[in-house]
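First the structure, in the form of structure tokens, and then the observations on it.
The values are calculated or read from the model by the stated rules, or taken from the named source; none is laboratory data. Predicted model, so just to flag it, every value in this text is computed and none were measured. Counting neighbours? That spans all protein chains shown, and the Cβs are built from the backbone with ideal geometry, glycine included. Quick note on the areas: whole protein, heavy atoms, side chains included, nothing else; ligands and nucleic acids left out. Shrake-Rupley method; radii C 1.70, N 1.55, O 1.52, S 1.80 Å.
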Amino acid sequence: MGTEDRKIKLYDLLPIMDKEKATKFLIYGLLVAIMFGTILMISKSIADNAYTWFLIESQQNEMNYMQGLYGYNDYIVKIERANLLYYWMEFQVVIVGNIARIGVNIGLFFIVVAFFSFALNDQFDEKSRRIYLILAGAILFVIMVTTFFSQIAVQVS
Amino acid sequence: MVKTNKFLKKKTAYIILGIGAICLILGPIFGIVLDKMTIYDSKPEIIREDSADGMTKAFAFPVTLNRDQKLIIEISDFYPNSSVTIRILAKSVYQRAYSLNSTTSGVTGLQFVYSEFGYGTTPAGSTNGANTLTLPASGIFFYIEFMGDRTGDSLISWPGDYYVVVYGSNSGPPSNLNVLFDIHIKVDGPGEALYNTFILIGVLIILIYLMVALISVLKANYLR
């Protein structure tokens with residue numbers, strides 16, 4: 001008595017928000033995706049160039065020994081440390097890459113929500129709303145594919 | 001206009017980023033300064049000729065080594081008529097020889113490696129092992145590394161107490177009894193550990209601040 005159970009339908013949960021808030025979501029999503037994407041690119045670049053760094057470090061180490069800055073056993077220790085760092089430089093892309101993937105997906109999710117909101121907003125004309133819906137669907141597709149597969153690749157042969 | 005919170009105030013930002021930058025600067029400084037710690041430096045060190053006859057007269061410097069800590073000795077003999085021999089003894093061996101005033105040359109030293117630096121040879125090719133070295137007969141300058149024992153040119157860490165022992169003779173006139181040499185004794189310091197710690201702390205401070213700052217800007221401007 002006194003209370004009324006209101007059945008919430010699925011479409012009530014859809015991200016219907018005003019144009020201004022949806023634009024904020026779009027910008028926020030883009031910023032997050034760009035930020036994590038940049039971090040991933042930096043991480044990949046470090047991993048790709050790890051061996052060149054190792055060669056420079058080894059040469060510097062050998063020259064330091066030849067100049068008498070330290071002895072043979074310090075030289076050996078520095079080689080071992082350089083090896084460890086080199087392996088970490090190659091491996092860090094796995095850790096950073098997975099974190100970045102989560103970050104990019106969160107960013108893309110915000111963009112999808114924003115585009116869905118645009119598509120559901122009757123202030124836009126029919127044609128624009130259809131484009132927004134297609135964009136939201138495409139981004140959602142990208143999120144789903146990159147969740148289950150490592151990447152989307154288009155091969156031209 | 002971009003909204004900010006108090007965490008992003010200019011003064012707070014300067015303080016936090018400043019602490020991060022200080023850590024990044026202090027790391028390499030500590031790394032270089034404290035990489036090796038000089039525990040004894042004497043130019044010249046003067047001993048007497050009778051240092052070869054009894055351990056009580058020989059130059060002896062005590063050193064305690066921790067696990068994975070290295071002892072480095074730079075010894076040279078550029079003085080006329082002086083000839084010196086260097087050995088590294090375990091504390092127990094030295095104390096026994098000292099109490100008996102044993103002949104210094106009769107006590108066997110522990111194994112160490114020494115490097116003869118120069119371009120054109122590989123580091124392994126210019127490093128040798130020994131348990132005693134005589135200057136200037138074997139060379140005028142030696143860079144010695146010691147950890148307790150060695151296998152080939154690599155050192156084995158035996159943490160414990162040791163003595164660096166030097167004795168010598170003078171080939172000059174009989175009245176000249178002094179034996180001179182230069183010696184510089186160093187041990188591995190906490191430089192590397194401090195370097196890594198400070199760099200890690202500095203990078204973490206800056207990264208965490210930038211992340212928190214970015215999130216707070218986004219929250220203040222786009223997520224309300």
Have a look at B:Arg96, B:Arg87 and point out the one that is free of Cβ contacts under 8 Å to residues at least 12 places away in the same chain and either surrounded by 14 or more Cβ atoms within 10 Å (Cβ to Cβ) or touching a Phe, Trp or Tyr at 6+ places or on another chain (Cβ under 8 Å) (or both).
-> B:Arg96
All positions within the range B:174-221 that are of a type in the set (Ser, Thr, Tyr) and either at pLDDT 90 or above or open to solvent by less than 60 Å² (accessible area, probe 1.4 Å) (or both) | B:Tyr195, B:Thr197, B:Tyr209, B:Ser216
Subset of the range A:108-137 (residues that are touching a residue at least 60 places away in the same chain (Cβ under 8 Å), open to solvent by 90 Å² or more (accessible area, probe 1.4 Å) and outside any helix (DSSP H, G or I)) | A:Gln123
Single condition A:Leu140 does not satisfy, out of (1) assigned to a helix (DSSP H, G or I); (2) open to solvent by 50 Å² or more (accessible area, probe 1.4 Å); (3) without any contact (Cβ under 8 Å) to a residue 24 or more places away in the chain | (3)
Can you name the residue in the range B:120-153 that is free of Cβ contacts under 8 Å to residues at least 12 places away in the same chain and open to solvent by less than 60 Å² (accessible area, probe 1.4 Å) and is also farthest from the other protein chains (Cβ to nearest Cβ) among such residues?
-> B:Gly125
Given B:Asn81, B:Asn128, which one is of a type outside the set (A, V, I, L, M), on the phi > 0 side of the Ramachandran plot and touching a strand residue (DSSP E or B) at 6+ places or on another chain (Cβ under 8 Å)?
-> B:Asn81
Top-ranked residue in the range A:49-83 [being open to solvent by 50 Å² or more (accessible area, probe 1.4 Å) and polar (S, T, N, Q); ranked as nearest to the other protein chains (Cβ to nearest Cβ)] = A:Gln67
Could you list, in sequence order, the residues of the range B:25-44 that are free of Cβ contacts under 8 Å to residues at least 12 places away in the same chain and outside any helix (DSSP H, G or I)?
-> none
Starting from the range A:61-77, keep only residues that are part of a loop (DSSP other than H, G, I, E, B), then list their pairs with residues that are surrounded by fewer than 18 Cβ atoms within 10 Å (Cβ to Cβ) and not charged (D, E, K, R) whose Cβ atoms are within a distance under 8 Å, requiring at least 6 positions of separation or different chains.
-> A:Tyr70/A:Asn64
Condition test on B:Gly54, is it away from chain A (no Cβ under 14 Å), surrounded by fewer than 20 Cβ atoms within 10 Å (Cβ to Cβ), within 29 Å of B:Ser157 (Cβ to Cβ) and not acidic (Asp, Glu)?
-> no
Give me a count of the residues in the range B:12-24 that are without any contact (Cβ under 8 Å) to a residue 24 or more places away in the chain and open to solvent by 60 Å² or more (accessible area, probe 1.4 Å).
-> 2
